[in-house]
Amino acid sequence: MSGPEEHRPGDDHPTPEPSKPIGPGGTNPGPPTGLEDLPERRREALLWHHALTLDYYGVDELVRETSPWPCPVPGGLAPASRIRRVAVLGNDNRYHLLIDGHPICAHTKHPRRTPTGSAWPHQDSCHWWTDGTYYRLQRPPGSLPAPTDLRPLAARPVRWLVYLTEVATAPELVERAARCPINVRLGHWPRYLGEGAPMRRLITTLMDALGPECHACGHNLGIYIDHDHFSGYVRGLVCPHCNAKLDTCPHPSRCRWADYLNAPPAAPLRLRYPKISKSLTGHRNRIAYLGIDPFTHLRPTR
């Protein structure tokens, strides 16, 4: 998927000041870099990622426009392993994650004093869709409102108090269904590692070898197994933020995400991603559009 080198759009883009710090992502990456400055497998991955919207020159220009600036790598606070986490059972029969003694699901910073003890206020919104006759939790497929129809999803705030009990356990041993659903997707809860947990052995292997923090940013908890879609090998354990964005890194080096992509921490372990067939379904549109399938070597033979 490499392209010609005689023309590189974006040469006139401004560069940041050489001494300007860029935060947790690394040092200043310097002047703009083009697509050809990236390692081959990262170049191929970017071209494939943007295949439905950009040609070679479009991806090259995108890299040149974004490369002078830092990647939004998490950082600044204490690493995840230094934060005290405990899951405590509430009177609602759900476990609530406490970080340094404070429930992440509480609506306020301080408990409310009641005649029966201290309670933590909780708040959530219940949403639904209706056309006046039928009711659904979400809009039906293809029913996005016209510009003249601005009816939003109906919503109702729900508030309740939670009294915490003396029952506590390690957060990674609490199943998802037993966790308080408020803020459960923010990445504070660790991956479930109890009996019957999906890919428990693989996650434990990664944590034992490389630690519990995200292997890309080194700050948040590592929750998702990240793998190279072209080789099928596991690259590391990453947090939700890095899982969503790290493959867009435009820097050849001098950036934590670039370092991770150039030399995946889990590469020496040679671990195969066990759900590769499921992950390949997300590439169907690109395969149909381009007429090529770079994943044939990963597909099971019949």
Looking for something out of contact with any helix residue (DSSP H, G or I) (no Cβ under 8 Å at 6 or more places or on another chain), under 15 Å from LEU202 (Cβ atoms) and either acidic (Asp, Glu) or not in a strand (DSSP E or B) (or both) - is there at least one such residue anywhere in the stretch 281-295? no
Of all residues being more than 14 Å from ASP92 (Cβ to Cβ) and in contact with a His (Cβ under 8 Å, 6 or more places away or on another chain) in the stretch 108-137, which is surrounded by the fewest Cβ atoms within 10 Å (Cβ to Cβ)? Just the residue, please. LYS109
Of ARG201, ARG159, ARG176, ARG191, the only residue that is modelled with pLDDT under 95, surrounded by fewer than 16 Cβ atoms within 10 Å (Cβ to Cβ) and under 21 Å from SER279 (Cα atoms) is ARG201
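Is it true that SER279 is among the small types (Gly, Ala, Ser) and over 22 Å from ARG185 (Cα atoms)?
Working: among the small types (Gly, Ala, Ser): yes; over 22 Å from ARG185 (Cα atoms): no.
Spelling it out, it is not the case that SER279 is among the small types (Gly, Ala, Ser) and over 22 Å from ARG185 (Cα atoms).
I'd like to check something: does the stretch 259-266 contain any residue that is within 21 Å of VAL59 (Cβ to Cβ) and in contact (Cβ under 8 Å) with a residue 60 or more places away in the chain?
Going residue by residue through the stretch 259-266, those that are within 21 Å of VAL59 (Cβ to Cβ) are 260-262.
Imposing the further condition that a residue be in contact (Cβ under 8 Å) with a residue 60 or more places away in the chain reduces the set to 261-262.
Yes, because at least one residue in the stretch 259-266 is within 21 Å of VAL59 (Cβ to Cβ) and in contact (Cβ under 8 Å) with a residue 60 or more places away in the chain.
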For the stretch 91-101, check the following and say yes or no: at least one residue is at pLDDT below 95 and either touching a Leu at 6+ places or on another chain (Cβ under 7 Å) or loosely packed, with under 12 Cβ neighbours inside 10 Å (or both). yes
Can you name every one of the strands (runs of 3 or more DSSP E) wholly within the stretch 78-135 that holds 3 or more residues which are within 27 Å of GLU175 (Cβ to Cβ) and out of contact with any Lys or Arg (no Cβ under 9 Å at 6 or more places or on another chain)? 85-90
From the residues in the stretch 79-126 that are over 13 Å from TYR163 (Cα atoms) and of a type in the set (D, E, K, R), which one is farthest from the chain's Cα centre (by Cα)? LYS109
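Determine whether the stretch 123-138 contains at least one residue that is hydrophobic (A, V, I, L, M, F, W, C) and touching a Leu at 6+ places or on another chain (Cβ under 7 Å). Walk me through it before giving the result.
Taking the stretch 123-138 first, the residues hydrophobic (A, V, I, L, M, F, W, C) are 126, 128-129, 137.
When the remaining residues are screened for being touching a Leu at 6+ places or on another chain (Cβ under 7 Å), the result is 128-129.
The answer is yes; a qualifying residue exists.
In the list TYR233, TYR260, which residue meets the criterion of being at pLDDT 90 or above, over 30 Å from PRO31 (Cβ atoms), assigned by TED's automatic domain parsing to the domain that holds GLU36 and under 19 Å from the mean Cα position of the chain (by Cα)?
On the way: TYR260 fails: over 30 Å from PRO31 (Cβ atoms).
Being at pLDDT 90 or above, over 30 Å from PRO31 (Cβ atoms), assigned by TED's automatic domain parsing to the domain that holds GLU36 and under 19 Å from the mean Cα position of the chain (by Cα) holds for just one of TYR233, TYR260, which is TYR233.
Within the stretch 205-215, how many residues are closer than 17 Å to LEU269 by Cα and either part of a loop (DSSP other than H, G, I, E, B) or within 19 Å of the chain's Cα centre (by Cα) (or both)?
Result for the stretch 205-215: 7.
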Would you check if there is a residue in the stretch 247-268 being farther than 27 Å from LEU52 by Cα, surrounded by 18 or more Cβ atoms within 10 Å (Cβ to Cβ) and touching a strand residue (DSSP E or B) at 6+ places or on another chain (Cβ under 7 Å)? yes
Among (1) surrounded by 21 or more Cβ atoms within 10 Å (Cβ to Cβ); (2) modelled with pLDDT of 95 or more - the single one CYS239 does not satisfy: (2)
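The values are calculated or read from the model by the stated rules, or taken from the named source; none is laboratory data. Bear in mind that the values here come from a model prediction, so they are computed numbers and not experimental data. Note that each Cβ is placed from the backbone with ideal geometry, even for glycine, and that neighbours are counted across all protein chains shown.
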